[in-house]
1. What is the Cα radius of gyration of the stretch 31-73 over 2.2 N^0.38 Å, N being its residue count?
2. Taking R0 as 30 Å, what FRET efficiency do you get between V74 and I29 from their Cβ-Cβ distance, rounded to the nearest 0.05?
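None of the figures in this text is laboratory data; all of them are computed from the coordinates on show. It should be emphasised that the depicted structure is a prediction, and the values quoted were computed from it without experimental measurement. Because the Cβ atoms are built from the backbone with ideal geometry, glycine has one as well, and the counts that use them run over all protein chains shown.
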Amino acid sequence: MRNQSLCSSAKSAGSLTRCTFRSFTDSAIDETNKLGESEIHALDRALAALSADPGMGDPIPNSDPEIRWYDDDVENVIVIYYVTVLRSVIVIAYVEA
C-alpha cells in the first residue's frame with residue numbers, strides 16, 4: 001500500500017482545521033493510472049467529499065474492518081474504502097470512474 005501526498009483541509013467556524021490523509025492500495029493506484037483527466041477530476045471531487053464525511057459510503061455487510069462502498073451517480077464514481085480507527089486516514093481499496 002502506498003501513501004499519496006493528498007491532504008484535504010476542512011475549516012468550520014470555531015473548529016480546528018482537520019486534515020485527512022488518503023492512502024491507496026496498489027490495485028487502486030493501478031485503476032487511477034487508467035483514468036483520463038475528466039475522470040481524475042470526478043474522482044478528486046468524490047475523495048474530497050469522503051474526506052469531509054467518511055461515513056457517506058454504505059457499509060458492506062459482514063466486513064471487518066468496516067469496508068464502505070461510495071457510489072456517486074452524478075460523477076459516475078465508485079470508491080471502496082475503509083477508515084482507520086482514529087478516522088485520520090482513508091484507505092482507498094478500489095476506484096472506478
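1. 1.32
2. Working: r = 25 Å, r/R0 = 0.82.
So, using R0 = 30 Å, E works out to roughly 0.75.
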